[in-house]
Amino acid sequence: MLVVLAAAGGLVYLQTRSDSSPDPKAAAAQAATALRGQDATSLKVSFFDQTGLDVTGDLTVTAGGTAQGTLTDAGGGKADFRAARADTAVRGDKAWWARRDAARVAALQGVWVRPKGLAFPVETAALQPDSLAGMIDWVRSGGTAATDVRTVAGQPVVGLRRGGWTFLFSSAEPHRLVWFGGAVQDRAPIAPLQPGKPINYRSSQLTPPTPPYVSALVNPPPENAEVADFPDAAVVEENATAKRPAFEVEVNATTCRTTTCTWSVTVTNTGTAAGKASVVASVSPGMTQTQVTSLGTLQPGAIATTATMSFRNPAPTNQDVSADYRAEVFTEQLHGPNLKVMRRLQEDGVVVGRSELLSGLDPSQLPTVLLALDAMRKAPHFDADKAVQAMEDTVTYGGLPEVGELIGSGRLENPEILYPKLQNLIFEYDTGAPGTPVHEKLGSRRQLQIAAAMLRQDPQARVALDGTEVVDGKKYRADVLVHSGRQTVAIQTKSVSSDSVSTNLQSAVKELQQGAPPGSSRAVWLYLEAPAGYPHAAARDYFDATFRKAGSDLCKRVDEVVVVNQSGVQRWTKQQLPGCG
């Protein structure tokens, strides 16, 4: 199965340079001069932050400070983009806004919006012709030749490096800037606008070992670049009002010292639309089975109180027992047809209504939360508070679209796996890279995106994350098991954020040899992240050489290798791997 998760970009060939190549500093000087004479630039710019953001902009940026194009999230989500100096606007689809403002998706999708945060985490002023020329001057002033790169995007190039950044220029005259990339950090040619967010790892703060990274393919100068009008009537994101009910709950209960305890619940509609409200209530201990009380339709501002509920006092005589009074409002307008789900969750200690973030989500997203939590509660050692925190992190780090696809499909064979997976919803660490602060696999975003894309591609496929099968008493395991008809594919995934392609390949092959179920097809997926540097943009010849180093019998140990990088998806069948060609 072939799944495309990355936008196509440049092809970089890493080979020894011939002596006839032009001087890179001379080529850079000519490229800078050419840029200063351009009216606009055309670029494909990728920004990667390990904590959850991988977005690519196909942009045209004018010398006058305007910009237009399309922004695309890895894993799903797209938006039209406009900028006029410091003013920006986007017109995003459902997935785009689910990653950024999941409380107001319906109010924002499909219309022009002035976003409250960064529309694109690379300032468009840095991508104007003059700004790119200034970057070239910077790398020329203290850079060294990049002698190991021969071509990019099919063109012979020469290059310069400085401070972890690389700039590549066409070898043929007139010389022009073709590609540049590097880490976005202090003293970099592109200032950091969105630093990496700290993530929780075993209750401690862990900052990603790699800063955000930019990789940009520069197209030839656009001819007669048309500048689209800025949508002046764009909605201000913070002023967008979601037309829906919202309910505030107050528990009316006092210390109970009688054999029968009583309580009630008062509900206020604090939203902007009427809603049919039903109170889901329970007490632990004492009234562990939920009761549902309908309050009818409440208009905005209306207040209603349930009838008095009662339960037998669970406290032994002359002893105090703490009781958890649980109450939340169900309405199909917000939660969909999931009353039974909400009741099951509350009886297991999960009260979604207590989370301001989750209960305030858009009606297009809230059912995903309920169904995901319902699946997670079946996990071993389930903890209600950790599950709610994991879902809140999923919202915060923009993971709702892939979780929604997996849960909504009904074809995730082990949905309870989301309990541990959503507690590590960052892009995976490259454990094959020297200096990585963790040794075990950490992160699950790519794994979830790949699984969701497979379900999207094949309507008959079923997937298992960290899938296991027992054959003749022996347990087998793979990162992803895909079942489609009679075929089983065992996939081992590796994220590569360094020059550790070979190390990660060898590790994945070994894991498949040990863990792939008998009779399954074995596939290695290598996801080259932007911080990997040149392998992130490398073409087949680079990986062919890497695979040869992995062993002449590679095809006898694995059936397929798939590489996802800036060039798109590159696939090697068994016959194309060393040993079977």
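Taking θ as phi - 60° and the Karplus parameters 6.51, -1.76 and 1.60, the scalar couplings of region 493-499 work out to 10, 9, 8, 10, 10, 8, 8 Hz in sequence order, x denoting glycine and proline.
The angle separating the long axis of helix 384-396 from the principal Cα axis of greatest extent in the chain is about 40 degrees.
Helix 366-376 and the long axis of the chain differ in direction by around 80°, with both axes built from C-alpha atoms. Between the alpha-carbon centres of region 123-168 and region 472-507 there is a gap of 36 Å. Of Trp97, Trp112, the order by accessible heavy-atom surface (1.4 Å probe, DNA, RNA and ligands excluded), from most exposed downward, is Trp112, Trp97. Centre-to-centre, using Cα atoms only, region 530-581 and region 43-67 are separated by 28 Å. In the context of the full set of protein chains, residues of the chain present 43 Å² of accessible surface per residue (probe radius 1.4 Å, heavy atoms only).
For Ser310, the solvent-accessible surface computed with a 1.4 Å probe is close to 70 Å², ligands and nucleic acids excluded.
Projecting the Cα positions of Gln447, Ser502, Ala539 onto the charge dipole of region 429-581 (unit charges on Cβ atoms of Lys, Arg, Asp and Glu, taken about the Cα centre) puts Gln447 furthest along the positive direction.
Could you pull out the pairs from Lys78/Lys340; Lys94/Lys378; Lys94/Lys243 whose alpha carbons sit more than 23 Å apart here?
Numbers: Lys78/Lys340 34 Å; Lys94/Lys378 29 Å; Lys94/Lys243 17 Å.
Cα-Cα > 23 Å for Lys78/Lys340; Lys94/Lys378; rest within.
Under 18 Å from a point placed 7 Å out from the Cα of Thr259 along the Cα-to-Cβ direction: which residues of region 266-288 have their backbone N that close? The answer is 286-287, whose backbone nitrogens lie closer than 18 Å to the label point. The residue list Thr66, Leu512, Leu339 was ranked by how far each Cα lies along the charge dipole of the chain toward its positive end, using unit charges on Cβ atoms, and Leu512 comes out on top.
Taking GluC sites (Glu not before Pro) across region 396-495, the ones in a DSSP loop with at most 16 further Cβ atoms lying within 10 angstrom of their Cβ are Glu413, Glu440. Amide H to amide H, with H built 1.01 Å from N, Leu442 comes under 5 Å of Tyr429, counting only residues 5 or more places away or on other chains.
Can you compute the charge dipole magnitude of region 130-192 about its Cα centre, using +1 on each Lys and Arg Cβ and -1 on each Asp and Glu Cβ, nothing else charged? Give it in debye, rounded to the nearest 20. Walk me through the numbers before you get to the answer.
Numbers: 6 positive and 5 negative charges, 25 e Å.
About 120 debye.
Scalar couplings 3J(HN,Hα) for region 408-422, obtained by applying the Karplus form with A = 6.51, B = -1.76, C = 1.60 to θ = phi - 60°, are x, 5, x, 10, 7, 5, 10, x, 5, 5, 5, 4, x, 5, 6 Hz; x denotes Gly and Pro. Which longest uninterrupted range of the chain lacks any trypsin sites (Lys or Arg not before Pro) assigned by DSSP to a loop state (not H, G, I, E or B) and surrounded by at most 14 other Cβ atoms within 10 Å? Longest site-free region, per DSSP loop and neighbour criteria: 258-377.
Counting Lys and Arg as +1 and Asp and Glu as -1, each charge on the Cβ, what is the dipole of the chain about the Cα centre in debye, to the nearest 20? Working shown, then result.
Details: 56 positive and 58 negative charges, 204 e Å.
It works out to roughly 980 debye.
The convex hull around the C-alpha trace of region 331-393, projected and averaged over every direction, spans 3.8 square nanometres.
In deg cm²/dmol, rounded to 500, what helix-only [θ] at 222 nm does the chain give when every DSSP H run of at least 4 residues adds -39500 (n - 2.57) and the total is split over its residues? Mind dumping the intermediate values first?
On the way: 15 runs with 135 residues, N = 581.
Result for the chain: -6500 deg cm²/dmol, rounded to the nearest 500.
Measuring from centroid to centroid over Cα atoms, what is the spacing of region 249-276 and region 374-397 in Å? Using only Cα atoms to place each centre, the spacing works out to 26 Å.
Ranking of Thr72, Thr468 by solvent-accessible surface, largest first: Thr468, Thr72 (1.4 Å probe, protein heavy atoms only, all chains present).
The values are calculated or read from the model by the stated rules, or taken from the named source; none is laboratory data. Since we're looking at a predicted model, the values are computed, not measured. Cβ coordinates were reconstructed from backbone atoms using ideal geometry, including for glycine residues, and neighbour counts include every protein chain displayed. For accessibility, only protein heavy atoms count, side chains too; no ligands or nucleic acids. Shrake-Rupley method; radii C 1.70, N 1.55, O 1.52, S 1.80 Å.
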